[in-house]
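Since every read-out is calculated from the coordinates, none of them should be taken as a lab result. Keep in mind the model is a prediction, meaning the values are calculated, not measured. For neighbour counting, all protein chains shown are included, and Cβ atoms are generated from backbone atoms with ideal geometry for every residue, glycine included.
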Amino acid sequence: MIYLTRKAEFSSSHFYRNPAWSDEENVRRFGKCANANGHGHNYTLEVTVAGEVDPVTGFVVDLKLLKDILEEQVVSVYDHRHLNYEVPEFKDSIPTTENIAVAIWKRLNGKIPGAALKRVRVYEMPDLFADYYGEQQ
């Protein structure tokens, strides 16, 4: 079994707000991240897949196909978007790094032929990232 990781990047804006809380409570909990105008990040995405090496190609997965899937399923949807307003999965979910990782997993799971999705890592900043390994049995 080989694990292969591909990176992609996207830039998005977002804010943190729980609609069940008052403005004051949102500011108390989320600080400046509760600003409704939002703020942005240059995110780095790492997607790790696993599989057997194809003896003919030497690959676990077609690398161009994997890049195209990341572009179609994530980058084209998230890049230069306000996550709260423009990305459907954050209509009712706060776009934290953790929730972004889960949402990306759901977008990719089952869509990578010949390989199993093993990990989604989303870097919000170089010193802040979230890993998601799917639903654990």
Checklist entry - PHE10 fails exactly one of the following numbered conditions: (1) without any contact (Cβ under 8 Å) to a residue 60 or more places away in the chain; (2) aromatic (Phe, Trp, Tyr); (3) under 22 Å from GLU72 (Cβ atoms). What is the number of that condition? => result (1)
Next on the checklist: Just the residues that are touching a residue at least 12 places away in the same chain (Cβ under 8 Å) and more than 10 Å from the chain's Cα centre (by Cα), please, taken from the range 97-125.
Outcome noted: ASN109, LYS111, ILE112, PRO113, GLY114, ALA115, ALA116, LEU117, LYS118, ARG119, MET125
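Is it the case that some residue within the range 21-28 is of a type outside the set (Val, Ile, Thr) and within 26 Å of LEU117 (Cα to Cα)?
no
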Next on the checklist: Return the residues of the range 70-118 that are β-branched (Val, Ile, Thr) and either touching a Leu at 6+ places or on another chain (Cβ under 7 Å) or loosely packed, with under 14 Cβ neighbours inside 10 Å (or both); say none if nothing qualifies.
Outcome noted: VAL74, THR97, ILE104, ILE112
